[in-house]
Amino acid sequence: GPVSDRVNLELATRALARSDAAKARAALDRLPSQLSEADAATRDRLLARASDRAGGGEATLGVVLPLSGPYAKIGESILRGIALGSGIYADSPSRLRLLVRDSAGDAEIASAATRELSASGVAAIFGPVRSSEAVAAAPIAESAQVPLLSFARRDDVADLGEFVFRLGLTPGDQAFELARFCAEQRGC
C-alpha cells in the first residue's frame, strides 16, 4: 500500500546517500508500477541516480531557455554550449540526454516548463536565463528537489532554495574582476 511505497522510497533515498546503488535499486524494484504522480516522479529521479551511481545509467538533463522572442540569440548560444559540453557531438555516444523547452523569456512559461521537466524525472535543469524566470521557476525546482542551474545575473537567485544555483556572473562580480585586473595588470 501507500505506506509501503513511502518506506521503499525512503530506503532507496538512504541507500543512495550511502552510495549503495544495489540496495537503492532493490527498494525501488519493490514498488508497484502504478504510483501517485509525486511518488512516480521521485521513483524516476531515484532510479536515474541509482543507475548513475552504478556507472551504467544515462542521465536526462532539462534545459529551459528563451529560444524565441527578444532573448532568443542568448538562449541559442547557451544551448549550443550545453550541447557541446554534454558530449552529444563526441565520437562515442553521450550518456546524457537533453530535454529542451522554450521559455520565450516569460516567467510563467519558464515555471510551466520547469514543472513539466521536474515531473519527467530529469536529473537537473539548466536555465532559465532571466531573473524573473528564475524567481518563478525556483519554488517548483525546490519542491521537486531537482537542481536548478540558472544563468540569471541577480545576486540573490542562489538564496531562493537549497536546490537553486546561479551560474551567471552578477554585474558586481564583473565590476570587481575588471577593477582587480586594472589594479594588478595595468597599474590603474
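General observations
- Alpha carbon centroid spacing (whole Å) that separates region 1-55 from region 147-167: 27 Å
- Using a probe radius of 1.4 angstrom, the carbon and sulfur fraction of the accessible surface of the chain is 54%.
- Förster radius 35 Å - calculated FRET efficiency between Glu10 and Lys73, Cβ distance, rounded to 0.05: 0.20
- Probe 1.4 Å, accessible area per residue of region 1-81, Å²: 58 Å²
- Protection proxy ranking, peptides 27-38, 2-13, average beta carbon neighbours within 10 Å, highest first: 2-13, 27-38
- Principal-axis analysis of the Cα atoms of the chain puts helix 72-85 at an angle of about 60° to the longest axis.
- Using alpha-carbon coordinates, inclination of helix 37-54 to the longest axis of the chain, degrees: 80 degrees
- Over all pairs of different C-alpha atoms in region 131-188, the reciprocal of the mean inverse distance, the Kirkwood hydrodynamic radius, equals 12.5 Å.
- In plain terms, the chain from Ser132 to Arg95 could stretch by 10.1 nm, reckoned as 0.36 nm per residue minus the Cα-Cα distance.
- Pairs of Cα atoms farther than 19 Å apart, the chain, %: 64 percent
- Positive-end ranking of Ala119, Leu98, Ala179 along the dipole of region 94-188, with charges on Cβ about the Cα centre, is headed by Leu98.
- Folded to 0 to 90 degrees: helix 171-181 orientation relative to the chain principal axis, Cα: 60 degrees
- Region 42-156, dipole about Cα centre (Lys/Arg Cβ +1, Asp/Glu Cβ -1), debye to the nearest 20: 220 debye
- Of the peptides 96-103, 163-170, 108-115, the order by per-residue mean of other Cβ atoms within 10 Å, starting with the highest, comes out as 108-115, 96-103, 163-170.
- Remark: spin-label model distance Asp20-Leu84 equals 4.4 nm, labels positioned 7 Å along the Cα→Cβ axis.
The values are calculated or read from the model by the stated rules, or taken from the named source; none is laboratory data. Just so we're clear, the structure is a prediction, and the values are computed from it rather than from any experiment. Positions of Cβ are backbone-derived with ideal geometry, glycine not excepted, and every protein chain shown enters the neighbour counts. Side chains included, ligands, DNA and RNA excluded: accessible areas come from the protein's heavy atoms. Shrake-Rupley method; radii C 1.70, N 1.55, O 1.52, S 1.80 Å.
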